[in-house]
Amino acid sequence: MIGLGSHQTHSCTSSLAVLLFAGVAVAPAAQSAEADTRSNFFDDPFFQVSSGLRNCPTPLGPFYSPAEVRSQLHGRLERGTSCWLAGRCKDSNAYRYDKAIAPEVRKALDGVPGIRRSSVWVTVQRRWVYLQGCVPTRDLARRLERAAKAVRDVETVVPDLMTGTRGKPAYPLKEQDKE
């Protein structure tokens, strides 16, 4: 066994202290930079169907920071297979339906009279359709929800739609629209 002299031990301890301090000092900056780098890591379908209401707050959509991706991995795996285990899906992963569902939802929503007078975004995740944005009337929101729900393989529709453009939306916002 090779021993370290007292000078070498002090030098190693000092170096370790400097590295630890540097890591603590850099960590908040790294976490901040990480939060700013969002991506659609899971490749969830996300698209805008209409843009007729100006000043409608833009939803964040399925864009996650690296930390959020890490925290969601297990849950997404579990939720993806639970549909199959419960006998509600033929495929063993509910997220595999999303890319086929998305164009059908777009087509269904495009066919709803009045859609062009709204600003609506769609996210599809594990057979769930999230409608986010602004509509001129509650009636239009209900018709959009029904149209999306009628699409084959859609399990649930979450209508996060505001009437008009005033107020705080129920959905997370894209960074530039945050107050």
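The values are calculated or read from the model by the stated rules, or taken from the named source; none is laboratory data. Just so it is clear, the structure is predicted and the values come from calculations on it, not from any experiment. Cβ coordinates were reconstructed from backbone atoms using ideal geometry, including for glycine residues, and neighbour counts include every protein chain displayed.
Report yes if some residue within region 33-43 is crowded, with 18+ Cβ neighbours inside 10 Å, among the polar types (S, T, N, Q) and at pLDDT 95 or above; otherwise report no.
Step one: filter region 33-43 for residues crowded, with 18+ Cβ neighbours inside 10 Å, giving 38.
Next, from what is left, pick out any that are among the polar types (S, T, N, Q): none.
Looking for residues that are crowded, with 18+ Cβ neighbours inside 10 Å, among the polar types (S, T, N, Q) and at pLDDT 95 or above, one finds none in region 33-43, hence no.
Just to check your reading of the model, which residue among GLY167, GLY133 is at positive phi and touching a strand residue (DSSP E or B) at 6+ places or on another chain (Cβ under 8 Å)? Lay out the reasoning, then the answer.
Details: GLY167 fails: touching a strand residue (DSSP E or B) at 6+ places or on another chain (Cβ under 8 Å).
Within the list GLY167, GLY133, the selection yields GLY133.
Find the residue count for region 48-89, including only residues that are basic (Lys, Arg), closer than 18 Å to VAL154 by Cα and modelled with pLDDT of 85 or more. So that I can check it myself, show each step before the final result.
So in region 48-89, the residues basic (Lys, Arg) come out as 54, 70, 76, 79, 88.
Right, trim to closer than 18 Å to VAL154 by Cα and you get 76, 79, 88.
So of that shortlist, the ones also modelled with pLDDT of 85 or more come out as 76.
Total satisfying the criteria: 1.
Grab the strands (runs of 3 or more DSSP E) fully contained in region 102-179, keeping just those with 1 or more residues being without any contact (Cβ under 8 Å) to a residue 60 or more places away in the chain and under 18 Å from the mean Cα position of the chain (by Cα).
Numbers: elements: 119-125, 128-135, 156-163.
Strands (runs of 3 or more DSSP E) meeting the threshold: 128-135, 156-163.
What residue, of ARG88, ARG96, ARG54, is among the basic types (Lys, Arg) and outside any loop (DSSP other than H, G, I, E, B)?
ARG96
Return yes or no: is ARG142 surrounded by fewer than 18 Cβ atoms within 10 Å (Cβ to Cβ) and modelled with pLDDT of 95 or more? Don't jump to the end; show me each part of the working.
Numbers: surrounded by fewer than 18 Cβ atoms within 10 Å (Cβ to Cβ): yes; modelled with pLDDT of 95 or more: yes.
Yes: the conditions hold for ARG142.
Name the one entry in ALA141, ALA170 that is within 30 Å of PHE41 (Cβ to Cβ), out of contact with any Ser or Thr (no Cβ under 9 Å at 6 or more places or on another chain) and of a type outside the set (Phe, Trp, Tyr). Lay out the reasoning, then the answer.
On the way: ALA141 fails: out of contact with any Ser or Thr (no Cβ under 9 Å at 6 or more places or on another chain).
Every option except ALA170 fails the conditions.
For region 154-171, give me the residue count where each residue is surrounded by fewer than 15 Cβ atoms within 10 Å (Cβ to Cβ) and among the charged types (D, E, K, R).
Residues meeting the conditions: 2.
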